[in-house]
Amino acid sequence: MDQKNNPLHGKTLEAILNYLVERYGWNELARQVRINCFVNNPNIKSSLTFLRKTPWARKKVEDLYLKSLPPSG
């Protein structure tokens with residue numbers, strides 16, 4: 001499968017999460033993606049653990065990441 005047009009290709013979940021935290025902060029991230037690990041004592045490590053085990057939550061985070069990227073072209 002050709003991945004060159006997939007903006008998630010080559011991005012780790014950790015890189016995506018770090019980008020979102022830097023861009024939005026934990027409070028806004030928790031508002032946009034309603035998951036507990038972003039609300040209660042949020043940190044990268046615990047959030048990654050949860051997101052790796054929870055496909056629906058990971059998809060929401062990835063979708064927000066894609067929405068937050070500047071338009072290409």
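In debye, nearest 20: dipole of the chain around its Cα centre with unit charges on the Cβ of K, R (+) and D, E (-)?
That gives a dipole near 200 debye.
Using the 10 angstrom Cβ neighbour count as an exposure proxy, how do 26, 56 rank, fewest first?
Neighbour counts put them in this order, fewest first: 56, 26.
Between residue 68 and residue 31, 0.36 nm times their residue separation minus their Cα-Cα distance comes to what?
Computed gain between residue 68 and residue 31 is 11.9 nm.
Would you mind checking the tilt of helix 55-68 against the longest principal axis of the Cα atoms of the chain, expressed as 0 to 90 degrees and rounded to 10?
Approximately 60 degrees, to the nearest 10.
Among 50, 30, 61, whose Cα sits farthest toward the positive end of the charge dipole of the stretch 24-68 (+1 at Cβ of Lys/Arg, -1 at Cβ of Asp/Glu, about the Cα centre)?
After comparing all options, I get 50.
Counting pairs of Cα atoms in the stretch 13-66, how many percent are more than 18 Å apart?
Tail of P(r) above 18 Å: 12 percent of Cα pairs.
Can you give the angle from 0 to 90° between the axis of helix 44-53 and the longest principal axis of the chain, with both taken from C-alpha atoms, to the nearest 10?
70 degrees
Checking the cross-link filter: which lysines have an alpha carbon closer than 21 Å to that of residue 45, excluding same-chain neighbours under 8 positions apart?
The qualifying lysines are 11, 53, 59, 60.
For the chain, what does -39500 (n - 2.57) per DSSP helix run (n ≥ 4), summed and divided by total residues, give at 222 nm, in deg cm²/dmol to the nearest 500?
So the calculated ellipticity at 222 nm is -19500 deg cm²/dmol.
Where a number appears in this text, it was derived from the coordinates with a stated rule and is not lab data. These figures come from a predicted structure and were not determined experimentally. Counting neighbours? That spans all protein chains shown, and the Cβs are built from the backbone with ideal geometry, glycine included.
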